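Peer 1: Mind looking over this structure? Questions follow.
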Amino acid sequence: MSLSSAAEAAPRSLAEPFRTRRTFAIISHPDAGKTTLTERLLSAAGAIQSAGAVRGKAGGRSTRSDWMEMEQKRGISITSSVMTFDYDGLTLNLLDTPGHSDFSEDTYRTLTAVDAAIMVIDAAKGIEAQTLKLFEVCRLRDIPIITFINKVDREGLAPLDLIDEIQSKLALDLTPVLWPIGQGVDFRGYLDLLEKRVVNPQGKPIAEYDAIEDLLDNAALVEDPVFMTALENLEMATAMLPGFDLATFHAGHLSPVLFGSALKGIGVAELLRTLGEWGPEPRPQPAIPAPIEPSDKKVTGFVFKVQANMDANHRDRIAFVRLCSGTFTRGMRLKNVRSGKDMAVSNPMFFFGNDRELADSAVAGDIVGIPNHGTLSVGDTLTEGANINVTGIPNFAPEIIRRVRLGDHMKTKQMAKALSDLSEEGVTQVFRRMVGADWIVGVVGQLQLEVLSSRIEKEYGVPITFESLNYEVARWIESDEPAELARFISAQKMNIAEDRTGAPVFLAQNAWWADRAKQDFPKIRFLTTKERH
Ligand code: G4P
């Protein structure tokens, strides 16, 4: 491993303001320590006074009833907020993602708005289901990942075993930055391979070196078998793993790995340093007709999230926009490419959890919240007039499909409005079958249904319930041969619906029928995701 090459990673030019932005998310399985790490990072950067100041954790450990209560008070994803803070001359935008797996769709979209991710892994558990899922989303866009192996203050799997597991399960190369000396009760501190020093559990450097072998002259260290084992393991890791390479990291193929403890604040400052020094600046955004370069002069951005009722006092609706290029200033007129309509953005906001302030200007990488009354939907692209569409903000095929039953038939209109609003927010997908007048909703998790009915009742005064339909699978259908698509639609008339954009969707009783249709109509593509615009 060439640690020297790591230390020599060239500092990048900060001349253009967007180059100082680091926009990232933390991904993890519930309970791995994401909330604790978020607090520690904010506190290490001086953004909050003490750990414990940021709360709002939903899903995860809290019970369902807790969650529903919070949800009703503050809107759907109270955890999915933005925290913007300064660190070492940089502006860091941390996009929080809800931990509850029922809201993975929301999480996926949030990940379209980041340039890097910190993957938190519990040292005792290794790669868990949700980590794997989220990692796969990052991989779709080759998002660079920094790995933080948490809870070294407790007994866990051996460092080499963890590295082996991550490499094989994720097919991702790792390169160590912080190496633990012992674990659990034997935890003696760590080697900071970048600064070339040994640090004790209190964060105090106790030895420095040029080459690792120099440490063998340090009698106090060499006497300790725990230290010697750590050194041997590091040697093996060094022989086995590639050295750090900035380009490979930025391409999403190599992950710097730090062992630490969020709870004890071990390795947190170094994590911040790794993100600041190596973390990518805003990356080009995939778009049609061409990718958007952050250095492009004209403003572009896209809505990755819409959140209603963030503030119980104002029944507001905030569209979170990730800027992709240009310098946005308050009052600017931007065009929503989907609707073709211009809007004056007079009250853009920056967020820190639930606190907000007016945003006077923002650049690529920044996240601004735009209050609106339904003009902006998830997936919308905003420009200074150009017809550009950001891509890669998908809808996922729903896993639960239900017919909506209205308690009061006088309220059909309100229900239609509610479903349309909430589908624009990305809370649910709404389908209308070609035959019949049913309203059908599709979601990825059961909890989403509960949230849906509770919000529709509370915000629109319409009581609804859901009825099972004989469908388990939904697939968007496409074909290069329109006649073939028409043939399929006519053969399956009863099972074809339209989504909110009018795109045809095939509803199948179960996976077997979906498969059968695929075999019978090989010229049709049955898609599990669809771009939102
Ligand atoms: P999450 O957001 O990923 O779901 O995890 P969270 O930070 O809430 O942490 C989950 C549990 O793991 C918490 O304990 C937390 O204190 C603990 N934890 C986080 N980091 C570390 C660490 O570095 N070492 C150790 N030993 N524990 C850690 P809890 O008992 O479930 O909750 P709490 O009562 O402590 O809040």
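Peer 1: Taking the highest mean first, how do the peptides 175-182, 28-35, 414-421 order by number of other beta carbon atoms within 10 angstrom per residue? Could the numbers behind the result be given before it?
Peer 2: On the way: 175-182: 24.8, 28-35: 22.8, 414-421: 18.2.
Final packing ranking: 175-182, 28-35, 414-421.
Peer 1: Can you give me the relative contact order of the chain as a percent, contacts being Cα pairs under 8 Å and 6 or more apart?
Peer 2: 14 percent
Peer 1: What's the FRET efficiency of Asp142 with Met410 using the Cβ-Cβ distance as r and R₀ = 51 Å, to the nearest 0.05? It would help to have the intermediate numbers written out before the result.
Peer 2: Numbers: r = 52 Å, r/R0 = 1.02.
The pair Asp142/Met410 has a calculated efficiency of 0.45.
Peer 1: Over segment 477-533, one equal point on each Cα, no solvent: what is log10 I(q)/I(0) by the Debye formula at q = 0.13, 0.20 Å⁻¹?
Peer 2: With no solvent term, the Cα-only Debye profile gives -0.30, -0.73.
Peer 1: Can you give the percent of C-alpha pairs in segment 250-322 whose distance is more than 15 Å? Please list the in-between numbers first.
Peer 2: Values: 1914 of 2628 pairs.
Looking at segment 250-322, the distances longer than 15 Å represent 73 percent of pairs.
Peer 1: For the peptides 250-257, 431-438, what is the packing order when you average, over each peptide's residues, the other Cβ atoms within 10 Å and list the highest mean first?
Peer 2: On the way: 250-257: 20.5, 431-438: 14.6.
Taking the mean over residues of other Cβ atoms within 10 Å, the ranking is 250-257, 431-438.
Peer 1: Can you list which of the GluC sites (Glu not before Pro) found in segment 198-291 are DSSP loop residues with at most 12 other C-beta atoms within 10 Å? Mind showing how you got there, number by number?
Peer 2: Working: sites: Glu208, Glu213, Glu223, Glu232, Glu235, Glu270, Glu277; in loops: Glu223.
Here the GluC sites (Glu not before Pro) that fit, given the DSSP loop and packing criteria, are Glu223.
Peer 1: Shifting gears a bit: Which number comes out as Rg/Rh for segment 405-467 once both Rg and the Kirkwood Rh are worked out on C-alpha atoms? Walk me through the numbers on the way to the answer.
Peer 2: Numbers: Rg = 10.9 Å, Rh = 11.8 Å.
Rg divided by Rh gives 0.92.
Peer 1: Helix-only estimate, please: 222 nm mean residue ellipticity of the chain, summing -39500 (n - 2.57) across DSSP H runs of length 4 or more and dividing by its residues, to the nearest 500. Present the calculation step by step, with values, prior to reporting the outcome.
Peer 2: Values: 14 runs with 144 residues, N = 533.
After summing the helix terms and dividing by the residues of the chain, the value is -8000 deg cm²/dmol.
Peer 1: Give me the distance in nm between label points sitting 7 Å out from Cα along the Cα-to-Cβ direction at Ala15 and Ala251, one decimal.
Peer 2: 2.7 nm
Peer 1: Cα to Cα, under 24 Å, and not fewer than 8 places away if on the same chain: which lysines meet these conditions relative to Lys493?
Peer 2: Cα-Cα hits under 24 Å: Lys518, Lys523, Lys530.
Peer 1: Using the Karplus equation 6.51 cos²θ - 1.76 cosθ + 1.60 (θ = phi - 60°), what ³J(HN,Hα) coupling, rounded to whole Hz, does each residue of segment 257-274 give in order, writing x for Gly and Pro?
Peer 2: So the J values, rounded to whole Hz, are 10, 10, 9, x, 9, 5, 4, 8, x, 8, x, 6, 4, 5, 5, 4, 4, 4.
Peer 1: Give me Ile393, Ile489 ranked fewest to most by other Cβ atoms within 10 Å of their Cβ, as a rough exposure proxy. Display every interim value, and only then the final one.
Peer 2: Numbers: Ile393 24, Ile489 16.
Ordered by Cβ neighbours within 10 Å, fewest first: Ile489, Ile393.
Peer 1: At a Cα cut-off below 21 Å, give the lysines reachable from Lys151, other chains included and same-chain residues fewer than 8 away excluded.
Peer 2: The qualifying lysines are Lys34, Lys57, Lys125, Lys169, Lys204, Lys264.
Peer 1: Pop out the ³J(HN,Hα) list for segment 439-451 in order, Karplus 6.51 cos²θ - 1.76 cosθ + 1.60 with θ = phi - 60°, rounded to Hz; leave Gly and Pro as x.
Peer 2: Once θ is set to phi - 60°, the couplings for segment 439-451 become 9, 10, 10, x, 9, 9, x, 4, 4, 4, 5, 5, 5 Hz.
Peer 1: What order do you get for Arg141, Arg455 when you list them from fewest to most C-beta neighbours inside 10 Å?
Peer 2: Details: Arg141 15, Arg455 22.
Going from sparsest to densest Cβ surroundings: Arg141, Arg455.
Peer 1: How far, in degrees from 0 to 90, does helix 64-74 lean away from the longest principal axis of the Cα atoms of the chain, to the nearest 10?
Peer 2: The answer is roughly 70 degrees.
Peer 1: Using every Cα-Cα pair within segment 182-259, state what percent have a distance larger than 14 Å. Before the final figure, lay out the partial values.
Peer 2: Numbers: 2021 of 3003 pairs.
That tail contains 67 percent of the Cα-Cα pairs.
Peer 1: Moving to a separate point now. Taking the inverse of the average 1/r across all pairs of different Cα atoms in segment 113-194, what Kirkwood radius in Å do you get? Show your work: numbers first, answer last.
Peer 2: On the way: mean 1/r = 0.0746 Å⁻¹.
Taking every pair of different Cα atoms in segment 113-194, averaging 1/r and inverting gives 13.4 Å.
Peer 1: Same structure, new question: So if I take the alpha carbon set of the chain, get Rg, then get Rh from the Kirkwood formula, what is the Rg over Rh ratio?
Peer 2: Working: Rg = 24.9 Å, Rh = 24.8 Å.
Rounded to two decimals, Rg/Rh equals 1.00.
Peer 1: Taking other Cβ within 10 Å of each residue's Cβ, how do Phe352, Phe148 sort, fewest first?
Peer 2: Details: Phe352 17, Phe148 30.
Starting with the residue having the fewest Cβ neighbours, the order is Phe352, Phe148.
Any read-out appearing in this document is the output of simple, stated calculations on the displayed coordinates, not a laboratory observation. Note that this is a predicted model, so its numbers are computed, not measured. Note that we place each Cβ from the backbone using ideal geometry, even for glycine, and neighbour counts take in every protein chain shown.
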